[in-house]
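The values are calculated or read from the model by the stated rules, or taken from the named source; none is laboratory data. Here the structure is a predicted model, which means the values were calculated and not measured. Positions of Cβ are generated from backbone atoms using ideal geometry, with glycine treated the same way; all protein chains shown enter the neighbour counts. Just the protein is used for accessible areas: all its heavy atoms, side chains included, with ligands, DNA and RNA removed. Shrake-Rupley method; radii C 1.70, N 1.55, O 1.52, S 1.80 Å.
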Amino acid sequence: MSLSTLNLATCLHYINTSLHTILLKSSFTLPHHFLLISTFTLLMATIYNLATLFIFFIITSNFQKSFSALVTQQPLILKYHNGELLKGPVTINLVWYGKFTPTQRSIIVDFLQSLNTVAKKTTPPPPSVASWWKTTEKYHNGSSAVIIGKQILDENYSLGKFLKNYHIQYLAAKVANGKSINVVLTGKEVGVDGFCRSRCGTHGSTKTKTRVAYAWVGNSETQCPGQCAWPFHQPIYGPQGPPLVAPNADVGVDGMVINLATVLAGAVTNPFNQGFFQGPVSAPLEAVSACTGIFGSGAYPGYAGEVLVDKVTGASYNAHGLNGRKYLVPAMWDPKTSSCSTLV
C-alpha cells in the first residue's frame, strides 16, 4: 500500500469512528440542551481533527513525490567528443618489463586472444570474454577485433626498477606500429610512478606527429593487492568481506586482467582524449572506469555482485575464455542503454 492510500484509509477510518462515537454519546439520557451542546462540541472537534488529517495527507503526499524525485537515479552518459576511435582489427603489442613466469604470461595472452569471436568449434561457452568485448563495437558500429602483435621481454630492468610516465611511453614506442595499442606490463617487483597511490593502470597516447595509443598495467601482488587486485584480496578501505578466489589461482595476474580490460576498453573508445568519456580530460570516466567495482548483478560498494563459482576450485568468474580459461571481467558502459552492463 502506498503512503497516499494509507493516509486516505486512515482518514476514512477516523471519520467512521468519530461518527459512531457521536451517535453513542447522543443516545445518553441527558437534558435536551446539554445533548445539543455535547453533540455540537463533538462535531466541531471531529471537523477540526479531519482538517488536520487532510493537511497532513497533502503534506506527506507532496513530500513523497519530492523524495522520489530526489532518489531517482539519473542515467549515466558518456559524451562523445567527436574524436577518433580505434576500430578493428587493432594490433596489441606487449612489453613484459620485469619477471613474469610462462604461466603468468599465458594467462594474459589467452585473455587477449579471447577478446575475438572465433570459429564455432573453439568458441568458449557463454558468457564469454568475446561477448563482453563486443560491447565496444556499439561505440563505433564497427569491428573491435584484435591481433596479438610483437612481444618483448625485458627481464633485466633496462630502465631500472622504478619507472616514470616517460619511461612507459619510451617502452611502448619500442613496439609501436600503425593502428595499435602498445601495452607495457610491469612485474610485481617493479615500481611505477603513481602505482598504488592513484592508479593500477593507465592508457594514453604519444605526443609524436603520428599519435600512437599505449597502456600500462602493473602486478600489484606484493605492493597493493587490496587496491589493485580487489575483489581477489580484501580492500584497503571499506567493508572487509571475504575476498573471491582468483579464477587462475594468481591474485596479482587475475587482478592485472581486470585492470588490463579496463584500460583496453578505454584505449579503444577514447584513444586520444576526444572519444567517449564523462568529466575532465585529465581524469575521465570511460567505458569501464565509469562502472568501477561492478562485476555482476546486484553489486554495491564492497560487494562485486552475483558472479559464477567454479564447483571444483571455488573460484569466482563471469566469463569463459579460450583454452578453458575463466576470467572475471568488469562491467562496461553500454551506449545503447546508458547503463553499466554485466555478463551475469
Nearest-0.05 FRET efficiency for T337 and T123 at R0 = 30 Å, using Cβ-Cβ distance, is 0.75
Stokes-Einstein, Kirkwood over Cα pairs, segment 142-288, 37 °C, 0.692 mPa s; D in µm²/s equals 203 µm²/s
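Can you give the extra length, in nm with one decimal, that the chain gains between N323 and Q151 once fully stretched, where that is 0.36 nm per residue apart less the Cα-Cα distance?
59.9 nm is the gain from fully extending N323 to Q151.
Return the carbon/sulfur percentage of the accessible area of segment 233-344, one whole number, probe 1.4 Å, all protein chains in place. Each step should come with its number before you reach the end.
Values: 2720 of 4690 Å².
Carbon and sulfur together cover 58 percent of it.
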The computed P(r) of segment 191-247 puts the percent of Cα pairs beyond 13 Å at 65 percent
Rounded to the nearest 10 Å², the accessible area of I236 using a 1.4 Å probe with every protein chain kept is 90 Å²
Amide H proximity to Q151 below 5 Å, modelled H, separation 5+ or other chain, gives L94
By the mean-Cβ-within-10 Å protection proxy, highest first, 218-229, 188-199, 83-94, 152-163 rank as 218-229, 83-94, 188-199, 152-163
Residues other than G279 with Cβ under 12 Å of its Cβ, Lys/Arg counted +1 and Asp/Glu -1, net out at 0
Distance in Å, no decimals, from the C-alpha centre of segment 312-344 to the one of segment 197-274 is 15 Å
Neighbours of T313 by Cβ distance under 15 Å: Lys/Arg at +1, Asp/Glu at -1, summed charge 0
Mean Cβ-within-10 Å packing, highest first, puts peptides 303-316, 126-139 in the order 126-139, 303-316
For E189, the net charge from surrounding residues (Cβ-Cβ under 14 Å; K, R +1; D, E -1) works out to 0
Among K87/K138; K161/K188; K164/K188; K150/K326; K87/K134; K99/K161, the pairs whose Cα-Cα distance exceeds 20 Å are K150/K326
Restricting to aspartates and glutamates and to Cα separations under 13 Å from K79, and discarding same-chain partners fewer than 8 apart, the set is E286, D334
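Ordering L76, L264 by how much accessible area each has at a 1.4 Å probe, largest first, what is the list?
Working: L76 45, L264 0 Å².
So, going from the largest accessible area down, we get L76, L264.
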Highest mean packing first, using Cβ neighbours within 10 angstrom, the peptides 253-262, 166-175 sort as 253-262, 166-175
